[in-house]
Amino acid sequence: MSPPTIRSPQGNTANQTQGPQYAKVFVQRDYSDGTAVKFMTNFPQGLENKIEKSVFEYTINQLNTYFAEAEKASCKTYCEGCFACFTVYTMFFCADTHYEKCLRKVGKFIVEQNEMVYLPRGLLLTNPAERGLRIVSFCFIVF
């Protein structure tokens, strides 16, 4: 009997006897409400028996909240844009934009979730900013 094969996200197959393989589960962006950064909250089948549905939903909903805050237009962001024009955008050498601050919050949240929730379960949550805000990926080792 031959060893089981594992299919990578690219569609390649590999024998399991080559050592541990890394499997990934992707959560796609949700474009149903337009182009705002929002991720689908449907529980992926690949995460069953790895994490609880409520933990997954909390993580994705929190990410969606951070990105909604980042894209929210307010008096502060309007003034930030006007001041940037007046200073010929040199102000950004000294100050971060509202969006960059929110992306930093996302990064801290991802690190916190990995340390407290995902790494103890053998999973690694990747920052969507590292993937062009297209996907959230969960990586785990398959032996």
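The values are calculated or read from the model by the stated rules, or taken from the named source; none is laboratory data. Only a predicted model underlies this, so the values are computations on that prediction, with no experimental measurement involved. Here the Cβ positions follow ideal geometry from the backbone for every residue, glycine too, while neighbour counts run over all protein chains shown.
Some observations on this one:
Yes/no per residue for (1) charged (D, E, K, R); (2) within 23 Å of Gln28 (Cα to Cα):
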site	(1), (2)
Cys75	no, no
Met91	no, no
Cys94	no, no
Gln113	no, yes
Glu130	yes, yes
Phe138	no, yes
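- Failed condition for Asp33, given (1) surrounded by fewer than 14 Cβ atoms within 10 Å (Cβ to Cβ); (2) modelled with pLDDT under 85: (2)
- Taking residues in region 39-64 that are over 12 Å from Val117 (Cβ atoms), and partners anywhere that are of a type outside the set (Lys, Arg) and assigned to a loop (DSSP other than H, G, I, E, B), the pairs with Cβ atoms closer than 7 Å and at least 6 places apart or on different chains are Phe39/Asp30; Met40/Asp30; Lys53/Phe43; Glu57/Thr41; Ile60/Thr41; Asn61/Thr41.
- Tabulated pairs, region 22-33, first of a type in the set (Asp, Glu), second assigned to a loop (DSSP other than H, G, I, E, B) and loosely packed, with under 12 Cβ neighbours inside 10 Å, C-beta under 6 angstrom, 6+ apart or interchain: none
- Per-region count, region 128-143, residues part of a helix (DSSP H, G or I), touching a residue at least 12 places away in the same chain (Cβ under 8 Å) and of a type in the set (D, E, K, R): 0
- Some residue of region 129-142 being modelled with pLDDT of 95 or more and either surrounded by 17 or more Cβ atoms within 10 Å (Cβ to Cβ) or touching a strand residue (DSSP E or B) at 6+ places or on another chain (Cβ under 9 Å) (or both): no
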